[in-house]
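Derivation of every value follows stated rules applied to the coordinates shown; laboratory data play no part. Bear in mind the structure is a predicted one, so any value in this text is a computation, not a measurement. Methodologically, a virtual Cβ is constructed for each residue, glycine included, from the backbone with ideal geometry; neighbour enumeration extends over all protein chains shown.
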Amino acid sequence: MRITKIETFTVGAGWKNWLFVKVHTDSGLYGIGEGTLNGFIKTTEAAVHELAHLALGQAPTQITRLAKRLFESVSLDGGHIHRTAIAAIEVACWDILGKSLGVPIYQLLGGRVRDTVLGYANGWYRTERTPEHFVQAAKAVVAKGFHALKVDPFGTAQGFIEDRELQLSYDIIAALRAKFPELRILIDVHARFTEADALRAARKLAPLDLYWWEEPTTREREQPANAVGAQSPIRVATGEMYDTVGQFYTLAAGGGVNIFQPEPMSLGGIGPTLAVAGLAQAHGSYIAPHQSGGPVATAVCLQLAACVPNFLIQEHFDPFNDPWTHDLVTWTPTLDPANGHLSLPTAPGLGLDLNLEVVRAHPYDPKAYLNVHQEGWEKRLGQQPVKGGAAKPGAKGRKSTG
């Protein structure tokens with residue numbers, strides 16, 4: 001069996017675009033992958049096609065060999081975009097291998113260690129930055145059956161946060177805690193703060209019984225996360241922006257962090273993510289993969305959740321996307337309201353397929369990307385041009401999706 005063609009499909013999903021890949025073979029089998037990278041969809045799509053000549057004619061079932069070829073043959077490291085393009089193809093090849101053998105991907109990786117996995121909601125707070133509005137939005141999250149949710153209450157703060165802004169952030173989380181005393185609340189700092197203010201803010205919010213403190217400081221180096229982790233009263237999670245396994249090694253060696261957040265698309269796919277899981281296990285730590293892309297990337301994470309022993313919890317945006325996105329693929333996980341757990345795929349390969357009619361009905365939108373340093377970003381409404389060429393989030397007519 002050999003690869004004969006690679007197709008790409010871009011989808012405009014409101015506040016973000018998604019990139020999907022379809023790898024065809026001469027046997028008639030094909031595989032689906034995803035290469036979503038916020039703000040770089042067309043760039044990553046171009047990268048997939050630039051690498052395609054290295055995949056054509058190759059055996060899709062020799063996945064590690066092919067991924068190595070896609071990475072090393074261009075002689076230079078293309079970084080985050082390079083690995084995201086590889087990931088889209090790599091995952092599609094895992095899909096082909098599973099289909100060819102009639103088993104889910106996780107069966108090829110040792111089989112299930114669990115039947116469901118705890119999920120947490122993200123992308124749910126499309127509202128004003130006030131305690132009242134956030135509590136109202138969270139009611140819908142709990143009504144769907146989630147037992148955990150993630151939130152960034154810090155507005156547009158960057159570097160340092162003023163006292164009044166920190167107090168408002170505290171008030172938002174305090175209101176959520178008061179209304180939902182048993183809810184797991186995860187805080188996403190979005191790499192906003194200096195070490196000093198990451199700790200200042202963590203100490204302010206720590207009495208509210210928070211599950212974790214995500215990306216507390218700069219993405220430039222791993223060491224600041226270690227420094228914050230060693231002193232933070234809230235457990236630190238980080239790693240979604242890392243694009244090499246080696247960065248997780250540095251994180252592990254620095255200590256203070258026990259929740260690693262690999263993003264399979266950023267790392268180059270399932271193989272490198274398994275390497276991070278093994279590294280974390282040796283470190284006595286857990287993985288909680290980042291996933292803010294589309295439903296194919298969700299399935300990738302759930303395949304990993306099925307077979308990785310030290311898998312902690314899974315991020316889940318899908319229920320808060322526009323309703324049409326549920327028709328984009330042939331399978332989506334269910335959520336058990338009794339425990340907040342997500343179901344796992346059971347069909348061969350990745351466990352789903354793309355509905356190309358739905359794909360074509362929602363074309364790429366150049367205004368669909370997220371900027372967390374722009375006023376009103378919490379609404380996740382994409383970018384809307386206004387006079388003067390500036391961008392205004394949440395302008396009339398922009399659909400709320402995410």
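Kindly list the residues of the range 176-193 that lie in the label zone of Ala143, defined by a backbone N under 20 Å from the point 7 Å along the Cα-to-C-beta vector.
The answer is 176-184, whose backbone nitrogens lie closer than 20 Å to the label point.
What is the P(r) of the chain, as percent of Cα-Cα pairs per 20 Å bin from 0?
Result, from short to long distances: 28, 60, 12, 0 percent.
What full-extension length gain, to one decimal in nm, is calculated for Ser27 and Leu76 as 0.36 nm per residue of separation minus the Cα-Cα distance?
14.4 nm
Out of Leu279, Ala137, His82, whose Cα points farthest toward the positive end of the dipole of the chain (charges: +1 Lys, Arg; -1 Asp, Glu; placed on Cβ)?
The Cα lying farthest towards the positive end belongs to Ala137.
Between Leu356 and Arg2, how many nm apart are label points set 7 Å from Cα along the C-beta direction?
2.3
With the crude spin-label approximation of a point 7 Å out along Cα→Cβ, what separation in nm comes out for Asp171 versus Val135?
1.2
Going by alpha carbons, how many degrees (0 to 90, nearest 10) lie between the helix axis of 79-101 and the longest principal axis of the chain?
60
Please give the net charge around Gln58, taking every other residue with its beta carbon less than 13 angstrom from that of Gln58, where Lys and Arg add +1 and Asp and Glu add -1.
Working: positive: Arg2, Lys5, Arg65, Lys68, Arg69; negative: Asp26, Glu90.
Local charge sum for Gln58: +3.
Per residue of the chain, what 222 nm ellipticity follows from adding -39500 (n - 2.57) for every DSSP H run with n ≥ 4, rounded to the nearest 500?
Taking each H run of at least 4 residues, the total per residue is -11500 deg cm²/dmol.
Roughly how big is the chain's charge dipole about its Cα centre, with Cβ charges of +1 (Lys, Arg) and -1 (Asp, Glu), in debye to the nearest 20?
Numbers: 37 positive and 39 negative charges, 79 e Å.
It works out to roughly 380 debye.
Calculate how many DSSP beta bridges within the chain are antiparallel, expressed in % of all such bridges and rounded to the nearest 5. Show your work: numbers first, answer last.
Numbers: 22 of 43 bridges.
The antiparallel proportion sits near 50 percent.
What residue among Ala47, Ala297, Ala143 shows peak mean-square fluctuation when the chain is described by a Gaussian network model with Cα springs under 10 Å?
Per the Cα network of the chain with a 10 Å cutoff, Ala143 tops the list.
So which of Lys139/Lys204; Lys99/Lys367; Lys99/Lys144; Lys22/Lys379; Lys5/Lys42; Lys150/Lys204 end up more than 29 Å apart, counting from Cα to Cα?
The pairs that break the limit, which is 29 Å between Cα atoms, are Lys99/Lys367; Lys99/Lys144; Lys22/Lys379.
Could you list Trp124, Trp324 so that the one with the fewest beta carbons within 10 Å of its beta carbon is first and the one with the most is last?
Lowest to highest Cβ neighbour count: Trp324, Trp124.
Just for the range 184-274, what percent of DSSP beta bridges are antiparallel, to the closest 5? Can you show the working numbers first?
Working: 0 of 8 bridges.
Around 0 percent of the beta bridges assigned by DSSP in the range 184-274 are antiparallel ones.
Please compute the net charge surrounding Pro224, taking Lys and Arg as +1 and Asp and Glu as -1 over other residues with Cβ under 11 Å from its Cβ. Show your work: numbers first, answer last.
Details: positive: Arg219, Arg221; negative: Glu195, Glu215, Glu220, Glu222.
After counting each charged neighbour, the total is -2.
If R₀ is 60 angstrom, what is the calculated FRET efficiency for the pair Ala347 and Glu162, using the beta carbon separation as r and rounding to 0.05? Could the numbers behind the result be given before it?
On the way: r = 51 Å, r/R0 = 0.85.
So the FRET efficiency works out to roughly 0.70.
Of all the C-alpha pairs in the range 196-292, what % are more than 21 Å from each other?
27
Stretched out fully, how many nm does the piece from Gln374 to His49 gain, at 0.36 nm a residue minus the Cα gap? Could you put the intermediate results ahead of the total?
Working: separation 325, 0.36 × 325 = 117.00 nm, distance 3.25 nm.
That pair, Gln374 and His49, stretches by 113.8 nm at full extension.
Where does each of 55-61, 71-77, 275-281 land if you order them by average Cβ count within 10 Å, highest first? Intermediate results must be reported in sequence, preceding the final value.
Values: 55-61: 17.6, 71-77: 10.6, 275-281: 20.3.
Ranking, from highest mean packing down: 275-281, 55-61, 71-77.
By the scheme Lys and Arg +1, Asp and Glu -1, what is the net charge of all other residues having a beta-carbon under 13 Å from that of Asp243?
On the way: positive: Arg83, Arg219; negative: Asp77, Glu222, Glu240, Glu263.
Result for the neighbourhood of Asp243: -2.
Give me the one-decimal nm value for the distance between modelled label points at Ala178 and Arg114, 7 Å along each residue's Cα-to-Cβ direction.
Taking the simple label geometry, Ala178 and Arg114 are separated by 3.3 nm.
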